[in-house]
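Engineer: The structure is given below, and queries will be raised subsequently.
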Amino acid sequence: MLVWTRSGKAIVWTAFAVVFGLLVLLPFLVVIAAAFAGSWNGVLPSDLTGEHLRQALSGDELASLSVSLQTAFMGGLLAVLFGTWGAMAAHGSRFARAADAMHHLPIAVPSVVVGLGLLVAFSRQPVLLNGTKWIVVIAHLVLMVAFSYGTVAAALQRVDPSYADVAASLGASPARVLWRVRLPMLLPAISSAAGLSVALSMGEVGATIMVYPASWRTLPVSIFALTDRGQTFVAAAEAVVLLATTVVLVLILDRLRGRAAER
């Protein structure tokens, strides 16, 4: 730390605790409290109930959670596949900077612009995807591929190329070098990219709300719709479900990343 005195450190930690509590912790606590509130007319909620959480885990709301999970795994894992391929293909190439810019372009513009672009591009033949779940999956793929690409590209900078060179000098084919040397060394980074992509996909709403069909509504879109209709407590309960599900997924993927690192 840049502060060395005991009193200075105490002031810095106190300021950090206040800022963290007000800007990060308090909003989460308010959402959790609202999820169990029957009414909220004072400083604290009253008439606590679990009815909102029951609604969030039944009917169309539960279907929205299932849609979010499917979209996150399809879009997120496809983003990992394309991002990993892009990073490995661009590594060491004279087109590396151009590839880096192209992969990061979707997150350099507002996500609603990406959604609108996909909506216009895939609303006519020969590729008609408007009204299907695939346009939502593609939207998530386009937005998440930048994070996968960046994670794997950063890992490639730290990987010692001599291992692949030694394997090739011993007669291993390029495919064998890829599957037996390069990919295993990148497995922790690929696992991290998967966790990040899935977590971000679970909360994506900007592009999704532009392209989703009524039959494929993700949980963040449902939360937005409920809030827009004034059903704040049910929306808060769905937000708690979304938060809990995302945390569990991230923990599972982090556990897999840890195992990959041990290998």
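The values are calculated or read from the model by the stated rules, or taken from the named source; none is laboratory data. On a predicted model such as this, the values are computed, not experimentally measured, just so you know. We place every Cβ from the backbone using ideal geometry, glycine too, and count neighbours over all the protein chains shown.
Engineer: From PRO184, PRO213, PRO188, which residue is touching a residue at least 60 places away in the same chain (Cβ under 8 Å) and either of a type in the set (D, E, K, R) or in a loop (DSSP other than H, G, I, E, B) (or both)?
Structural biologist: On the way: PRO184 fails: either of a type in the set (D, E, K, R) or in a loop (DSSP other than H, G, I, E, B) (or both); PRO188 fails: either of a type in the set (D, E, K, R) or in a loop (DSSP other than H, G, I, E, B) (or both).
Exactly one residue qualifies, and that residue is PRO213.
Engineer: Search the range 5-22 for residues that are in a helix (DSSP H, G or I) and pair each with any residue that is surrounded by 11 or more Cβ atoms within 10 Å (Cβ to Cβ) when their beta-carbon atoms are under 6 Å apart and the residues are at least 6 apart or on different chains.
Structural biologist: These pairs meet every condition: LYS9/VAL3; VAL12/VAL3.
Engineer: Looking at the structure I just gave you, is TYR163 farther than 28 Å from GLN70 by Cα, aromatic (Phe, Trp, Tyr) and either touching a Gly at 6+ places or on another chain (Cβ under 7 Å) or at pLDDT below 90 (or both)?
Structural biologist: Considered against the rule, which asks whether it is farther than 28 Å from GLN70 by Cα, aromatic (Phe, Trp, Tyr) and either touching a Gly at 6+ places or on another chain (Cβ under 7 Å) or at pLDDT below 90 (or both), TYR163 comes out as yes.
Engineer: Any chance you could count how many residues in the range 201-211 are modelled with pLDDT under 90 and buried (at least 21 other Cβ atoms within 10 Å of the Cβ)?
Structural biologist: Of the residues in the range 201-211, 0 are modelled with pLDDT under 90 and buried (at least 21 other Cβ atoms within 10 Å of the Cβ).
Engineer: Quick check: anything in the range 230-252 in contact with a Gly (Cβ under 9 Å, 6 or more places away or on another chain), assigned to a helix (DSSP H, G or I), β-branched (Val, Ile, Thr) and surrounded by fewer than 18 Cβ atoms within 10 Å (Cβ to Cβ)?
Structural biologist: Scanning the range 230-252 turns up at least one residue that is in contact with a Gly (Cβ under 9 Å, 6 or more places away or on another chain), assigned to a helix (DSSP H, G or I), β-branched (Val, Ile, Thr) and surrounded by fewer than 18 Cβ atoms within 10 Å (Cβ to Cβ).
Engineer: Another question, then. Please enumerate the residues belonging to the range 186-227 that are over 19 Å from ASP60 (Cα atoms) and small (Gly, Ala, Ser).
Structural biologist: ALA189, SER191, SER192, ALA193, ALA194, GLY195, SER197, ALA199, SER201, GLY206, ALA207 - these are the residues of the range 186-227 that are over 19 Å from ASP60 (Cα atoms) and small (Gly, Ala, Ser).
Engineer: Among the residues of the range 45-62, write down those that are of a type in the set (A, V, I, L, M, F, W, C) and without any contact (Cβ under 8 Å) to a residue 40 or more places away in the chain.
Structural biologist: LEU48, LEU62
Engineer: Now a separate question. Select the helices (runs of 4 or more DSSP H) contained entirely in the range 24-115, then report the ones holding at least 1 residues which are modelled with pLDDT under 90, surrounded by 14 or more Cβ atoms within 10 Å (Cβ to Cβ) and among the acidic types (Asp, Glu).
Structural biologist: Because the criterion is at least 1 residues that are modelled with pLDDT under 90, surrounded by 14 or more Cβ atoms within 10 Å (Cβ to Cβ) and among the acidic types (Asp, Glu), the helices (runs of 4 or more DSSP H) in the range 24-115 that meet it are 59-90, 96-108.
Engineer: Confirm whether ALA199 is in a helix (DSSP H, G or I), in contact (Cβ under 8 Å) with a residue 24 or more places away in the chain, within 21 Å of GLY75 (Cα to Cα) and within 19 Å of the chain's Cα centre (by Cα).
Structural biologist: Here the answer is yes, as ALA199 does meet what is asked.
Engineer: Here is a follow-up. Does at least one position in the range 53-73 carry a residue that is farther than 17 Å from GLY203 by Cα and more than 27 Å from the chain's Cα centre (by Cα)?
Structural biologist: Within the range 53-73, not a single residue is farther than 17 Å from GLY203 by Cα and more than 27 Å from the chain's Cα centre (by Cα).
Engineer: Residues being in contact (Cβ under 8 Å) with a residue 12 or more places away in the chain and closer than 30 Å to ALA72 by Cβ: count how many of those fall in the range 158-177. Before you say what the answer is, go through the steps one by one.
Structural biologist: First pass over the range 158-177, keeping only residues in contact (Cβ under 8 Å) with a residue 12 or more places away in the chain: 159, 163-164, 167, 177.
Still in the list and also closer than 30 Å to ALA72 by Cβ: 159.
Residues meeting the conditions: 1.
Engineer: Let me ask another. On the given criteria, is VAL211 more than 21 Å from LEU77 (Cα to Cα) and over 14 Å from the mean Cα position of the chain (by Cα)?
Structural biologist: no
Engineer: Here's a follow-up. Name the single residue that is farthest from the chain's Cα centre (by Cα) among those in the range 151-173 being of a type in the set (D, E, K, R) and not in a loop (DSSP other than H, G, I, E, B). Break it down stepwise before answering.
Structural biologist: Step one: of the range 151-173, the residues of a type in the set (D, E, K, R) are 158, 160, 165.
Narrowing further to those that are not in a loop (DSSP other than H, G, I, E, B): 158, 165.
Working: ARG158: 24, ASP165: 35 Å.
Filtering the range 151-173 for residues that are of a type in the set (D, E, K, R) and not in a loop (DSSP other than H, G, I, E, B), the one farthest from the chain's Cα centre (by Cα) comes out as ASP165.
Engineer: Inspect all residues belonging to the range 116-125 and state whether any of them is modelled with pLDDT of 90 or more, crowded, with 19+ Cβ neighbours inside 10 Å, touching a Gly at 6+ places or on another chain (Cβ under 9 Å) and in a helix (DSSP H, G or I).
Structural biologist: Scanning the range 116-125, I find no residue that is modelled with pLDDT of 90 or more, crowded, with 19+ Cβ neighbours inside 10 Å, touching a Gly at 6+ places or on another chain (Cβ under 9 Å) and in a helix (DSSP H, G or I), so the answer is no.
Let's see how each residue does on (1) over 27 Å from ILE252 (Cα atoms); (2) among the aliphatic types (A, V, I, L, M):
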{"residue": "ALA34", "(1), (2)": "yes, yes"}
{"residue": "TRP40", "(1), (2)": "yes, no"}
{"residue": "SER46", "(1), (2)": "yes, no"}
{"residue": "SER58", "(1), (2)": "no, no"}
{"residue": "ALA63", "(1), (2)": "no, yes"}
{"residue": "SER66", "(1), (2)": "no, no"}
{"residue": "ALA96", "(1), (2)": "yes, yes"}
